[in-house]
Amino acid sequence: MRTSTYRCWAEIDTGALRHNAAVVRERIGSADLLAVVKANGYGHGMVGVARAIEDDTQLFGVANLEEAIQLRAALPHPIIILGPALPEERSTIAEHGFVPSISTLEEAEDFNRMAPGAPVAVNFKIDTGMGRMGVPETEAVELFKKVSALPKIKIHSVSTHLPVSNEDAEYTRDELLRFAKIVKQFRAAAPGDYKAHVLQSAGLLGFADPLFDIVRAGIILYGISPMPEFQKLLKPAMTWKTRIALVRDMPKGSSISYGRTFITPRKMRIATLSAGYADGYPRHLSNRDAAVLVRGQRCDLLGRVTMDLMMIDVSQIDNVQVGDEAVLMGRDRNEEVSCAELAEKAGTITWEITTRIGSRVGRVYV
């Protein structure tokens, strides 16, 4: 579909995706690249992203069975389900050959019973500080022995997650040492060809030694650095656009949007955009000095963001027309509204900005 048919859309630069994957590949050497494409490719479109970087990727990571099935229909790569599986999903996971992440003996025994023939390959998760899933590290070795002894279970990999790799270097270094010690104990207790992985985007950028065997690249693939000092290495892949739906000259004293939180201090030319919080644009950007780009110029967001529409000041731009493009996030000529800028002004994180972009926003690959 041509972009001219969209009221609100996201242009995804496949060249930027490949550039970012190449940056990761250069940093990880011979380690396997696990490209994390969960949450609809962090809002960029899961299948489109995966196809763009498939040549650089050894395996993909998704959040759940539904995503795994969708991705398998498009690509043959191994798929790790990074979140816990519900009991009723386990037989389907086993039948399709997906790699589930397990945290308990009960999960492992269930997959062992459901193995269709060949053993079920599993990712054995250890909790070294995230507190979200995984075997507590003090119990990990004993449980690993039991799981690896199950006849229909094959250990594909062992992993953990870094909760503060972009905030607390001292804790992260200690966590990596603890994980390395556990992996060494695993290999002594139950030798095998399983691989270890812990580094995600921030971990790769800040703590790339040791790499272990697999690196899970997430937000970095989309050109957004979790550590600002590394942003220059990456190319943001998404430019989020909408169209001007209405242009009006408003007299001084006019109220704009719900709550009348903005009153025009003078006569102003105001454009109404075809985007709102139902498209994923954060309502928290209301009255927070947010800006939109029109013809390469920053235009202030006025008043509250509404469900389907939002208003901007275009008084300083000549001959603005209905149908003109407006950039909600991305670069236009010499100006840029970055994902980091939106996140900071909305009081959130970059991950939320991209993943909340709604399904009615078309994804266009360029």
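The values are calculated or read from the model by the stated rules, or taken from the named source; none is laboratory data. Computed from a predicted model, the values in this text were never measured in an experiment. When we count neighbours, we look across all protein chains shown, and the Cβ atoms used for this are built from the backbone with ideal geometry, even at glycine. Areas reflect the complete protein model, heavy atoms only, side chains present, ligands, DNA and RNA absent. Shrake-Rupley method; radii C 1.70, N 1.55, O 1.52, S 1.80 Å.
So here's what we get for this one:
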read-out	value
Residue in the range 48-61 that is nearest to I224 (Cα to Cα), counting only those that are in contact with a strand residue (DSSP E or B) (Cβ under 8 Å, 6 or more places away or on another chain) and assigned to a helix (DSSP H, G or I)	V49
Residue count for the range 131-147, restricted to those that are in a helix (DSSP H, G or I), farther than 10 Å from A108 by Cβ and among the aliphatic types (A, V, I, L, M)	2
Which numbered condition P191 misses (of (1) in contact with a His (Cβ under 6 Å, 6 or more places away or on another chain); (2) open to solvent by 10 Å² or more (accessible area, probe 1.4 Å))	(1)
Subset of the range 243-296 [over 28 Å from the mean Cα position of the chain (by Cα) and of a type in the set (D, E, K, R)]	R248, D249, K252, R260, R266, K267, R269, R295
Any chance E335 is modelled with pLDDT of 95 or more and either open to solvent by less than 10 Å² (accessible area, probe 1.4 Å) or touching a helix residue (DSSP H, G or I) at 6+ places or on another chain (Cβ under 9 Å) (or both)	no
Residue that is nearest to S274 (Cα to Cα) [pool: residues in the range 316-345 that are assigned to a strand (DSSP E or B) and small (G, A, S)]	A326
Any chance I79 is in contact (Cβ under 8 Å) with a residue 60 or more places away in the chain and of a type in the set (V, I, T)	no
Any hit, the range 276-284, residues being farther than 17 Å from R243 by Cα, charged (D, E, K, R) and part of a loop (DSSP other than H, G, I, E, B)	no
Complete set of residues in the range 212-225 that are of a type outside the set (S, T, Y) and either assigned to a helix (DSSP H, G or I) or open to solvent by less than 50 Å² (accessible area, probe 1.4 Å) (or both)	F212, I214, V215, R216, A217, G218, I219, I220, L221, G223, I224
Count of the range 85-107 residues which are in a loop (DSSP other than H, G, I, E, B), open to solvent by 60 Å² or more (accessible area, probe 1.4 Å) and not aliphatic (A, V, I, L, M)	0
Criterion: in a loop (DSSP other than H, G, I, E, B) and either in contact (Cβ under 8 Å) with a residue 12 or more places away in the chain or open to solvent by 20 Å² or more (accessible area, probe 1.4 Å) (or both) - qualifying residue of T348, T354, T272	T348
Matching residues in the range 113-139 - criterion: being loosely packed, with under 15 Cβ neighbours inside 10 Å, of a type outside the set (D, E, K, R) and more than 25 Å from F60 (Cβ to Cβ)	G131, P136, T138
Subset of the range 60-74 (residues that are open to solvent by 10 Å² or more (accessible area, probe 1.4 Å) and either in contact with a His (Cβ under 9 Å, 6 or more places away or on another chain) or closer than 30 Å to G29 by Cβ (or both))	A63, L65, E67, I69, R72, A74
Pick from the range 148-167, criterion farther than 23 Å from L105 by Cα and surrounded by fewer than 21 Cβ atoms within 10 Å (Cβ to Cβ), ranking: farthest from the chain's Cα centre (by Cα)	E167
Enumeration of residues in the range 281-314 that are open to solvent by 20 Å² or more (accessible area, probe 1.4 Å), touching a residue at least 40 places away in the same chain (Cβ under 8 Å) and either within 19 Å of R333 (Cβ to Cβ) or touching a Pro at 6+ places or on another chain (Cβ under 7 Å) (or both)	D313
Residues of the range 12-47 that turn out to be assigned to a helix (DSSP H, G or I) and either of a type outside the set (A, V, I, L, M) or closer than 16 Å to L234 by Cα (or both), as a count	19
Criterion (farther than 25 Å from T355 by Cα, open to solvent by 10 Å² or more (accessible area, probe 1.4 Å) and touching a helix residue (DSSP H, G or I) at 6+ places or on another chain (Cβ under 8 Å)) met by exactly one of D110, D56	D110
Meets criteria (outside any helix (DSSP H, G or I) and in contact with a helix residue (DSSP H, G or I) (Cβ under 9 Å, 6 or more places away or on another chain)) for P191	no
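This table checks each residue for (1) modelled with pLDDT under 95; (2) part of a loop (DSSP other than H, G, I, E, B); (3) open to solvent by less than 40 Å² (accessible area, probe 1.4 Å).
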site: Y171; (1), (2), (3): no, no, no
site: D174; (1), (2), (3): no, no, no
site: F179; (1), (2), (3): no, no, yes
site: A196; (1), (2), (3): no, no, yes
site: L204; (1), (2), (3): no, no, yes
site: P210; (1), (2), (3): yes, yes, no
site: Q231; (1), (2), (3): no, no, no
site: T239; (1), (2), (3): no, no, yes
